[in-house]
Amino acid sequence: MKTPLIDPFQRAITYLRLSVTDRCDFRCVYCMSENMTFLPKKELLTLEELDRMCSTFIGLGVEKLRITGGEPLVRRGIMTFFNAMTRHLDSGALKELTLTTNGSQLEKYAADLWAAGVRRINISLDTLNEAKFADITRWGRLPQVIRGIDAAQKAGMRVKINTVALKGFNDVELFDLVEWCKSRDMDLTFIEVMPMGDIGNEDRLDQYWPLSDLRAQLAERYTLTDLAERSGGPARYVRLEETGQKIGFITPLTHNFCESCNRVRLTCTGEIYTCLGQEGMQDLRPALRDHPGDDAPLEAAIRAAIGMKPKGHDFDYSRQEVSGKMSRHMSHTGG
Ligand code: SAM
Ligand code: SF4
């Protein structure tokens, strides 16, 4: 048994979020610009390298692996990777293999993902209105995503919907979204829009809808009970007493969740970000590529990176300007 990954603030790192591609078949306005330049293929870790990375992290005590992007299911051959991860579920080293997806490819992949061991899935969806969906995602089509959700549920997966809270956009749909999720037995989490990347004209201060407001609106119709349950991440949960539903709130801007952070992020090029809200990263790719038959340098590089994990981050909208703003896109680090 190897020494587990513990950061300088005594937080055990057991959760890896891996971005497998920076590409996407959508262009959500808060995430990407219309004309994105993507990485050349040779920059990406191969599927075998992704496997080796993840297997090394799992060997060091990572128990939960979330695959993200970009859109993870547009990465060519991605099922080969998922199928390879099944061995870590089978051995018991990995407790959960999951993904965050826009749902567009789920009709095709849901059954295979279930067979690979995926039991829960997060699907991002901001509106139930077809025209608004086309607007916010620029390239996405709602019926395709709904068919994807159908397929995931049919395969047996537990679905959680992630909705970015956007003032003047989906605030009018708050109760529709809650009721729709109830009718389909899906959990629902709202995410506060974060100041990520330079995405052109959209003014994120205008879109910012604090979840404290959203929560107050929910409380006008439902009795909210705070749940103690924490995921080690930025989500907090309430139960709606009238329906029994669990609703999550991810509030990186108005809440401090760093003290219990158990996660690190790895990009599709092998950069490790130990904090979503800080620019600092280390490149693990040389340790991986320069030592094909020997994982020791990679393990040492991972330990060194986690040894530099910062205590917390600092986003702030409070002065009516976005400070602590990140220059990279969510699609780069994988939200
Ligand atoms: N393409 C997949 C998807 O949309 O689920 C996975 C990657 S996406 C970057 C992961 C999550 O980040 C999505 O739920 C998306 O809504 C969220 N996201 C992207 N940009 C964001 C931003 N600026 N603020 C808050 N959430 C954001
Ligand atoms: Fe693509 Fe997800 Fe970003 Fe939307 S949020 S553009 S679906 S990566």
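When only C-alpha pairs under 8 Å and at least 6 residues apart count, what is the relative contact order of the range 6-78, in percent? Rounded, it is 59 percent for the range 6-78.
The residues of the chain present an accessible area of 43 Å² per residue when probed at 1.4 Å with all protein chains retained. Between Ala304 and Ala216, the modelled label-to-label distance comes to 5.0 nm, taking each label 7 Å out from Cα in the direction of the beta carbon. Remark on the chain: Cys24, Cys54, Cys181, Cys258, Cys261, Cys268, Cys275 stand apart, with no other cysteine beta carbon under 4.7 Å.
Mean-square fluctuations from a GNM of the chain, with a 10 angstrom spring cutoff on Cα atoms, peak among Gln282, Gln245, Gln217 at Gln217. Tell me the angle of helix 78-91 to the major Cα principal axis of the chain, expressed in degrees between 0 and 90 and rounded to the nearest ten. That helix lies at roughly 70 degrees to the long axis.
Take the Cα of Gln10, step 7 Å toward its Cβ, do the same at Glu279, and the gap between the two points is 3.2 nm. Among residues other than Ala228 with Cβ under 15 Å from its Cβ, the summed charge is +2 (Lys and Arg +1, Asp and Glu -1). Exceedance of the 30 Å cut-off in Cα-Cα distance is limited, within the set Lys2/Lys108; Lys41/Lys167; Lys132/Lys246; Lys108/Lys311; Lys42/Lys309, to Lys2/Lys108; Lys41/Lys167; Lys108/Lys311.
Along each principal axis, taking the top coordinate minus the bottom one, the Cα set of the range 1-112 gives 46, 35, 25 Å in descending order. Cβ-Cβ distance of Ala134 and Ala296, R₀ of 56 Å, FRET efficiency by 1/(1 + (r/R0)^6): the value works out to about 0.65. Along the chain, the longest continuous region that contains none of the chymotrypsin sites (Phe, Trp or Tyr not before Pro) in a DSSP loop with at most 16 other C-beta atoms within 10 Å is 140-335. In terms of Cα atoms, the Rg and Dmax of the chain work out to 19.3, 60 Å.
For the chain, the longest principal axis of the Cα atoms and the long axis of helix 174-183 meet at an angle of about 70 degrees.
Taking trypsin sites (Lys or Arg not before Pro) in DSSP loop conformation with at most 16 other Cβ atoms inside 10 Å as exposed sites, the chain has its longest uninterrupted site-free stretch at 231-310. A full extension of the chain between Met36 and Ser183 corresponds to an added length of 49.2 nm, given 0.36 nm per residue minus the alpha carbon distance.
Taking a point 7 Å out from the Cα of Lys95 in the direction of its Cβ, the residues of the range 54-84 whose backbone N falls within less than 20 Å of it are 54-68.
When you have a sec, figure out the Kirkwood radius of the range 21-65 from all distinct Cα pair distances and drop it here in Å to one decimal?
For the range 21-65, the Kirkwood estimate is 12.9 Å.
Volume per residue of the convex hull around the Cα atoms, evaluated for the range 70-173, comes out as 102 Å³. When the P(r) is computed for the range 43-107, the part past 16 Å accounts for 45% of the Cα-Cα pairs. Taking the C-alpha atoms only, the angle from helix 296-306 to the longest principal axis of the chain is near 40 degrees. Maximal additional length on extending the Arg230-Ala115 stretch stands at 38.6 nm, based on 0.36 nm per residue less the C-alpha distance.
The values are calculated or read from the model by the stated rules, or taken from the named source; none is laboratory data. All values reported here derive from a predicted model rather than from experimental measurement. Don't worry about glycine lacking a Cβ; one is built from the backbone with ideal geometry, like all the others, and counts go over all protein chains shown. Surface areas here come from the heavy atoms of the whole protein model, side chains and all, with no ligands, DNA or RNA. Shrake-Rupley method; radii C 1.70, N 1.55, O 1.52, S 1.80 Å.
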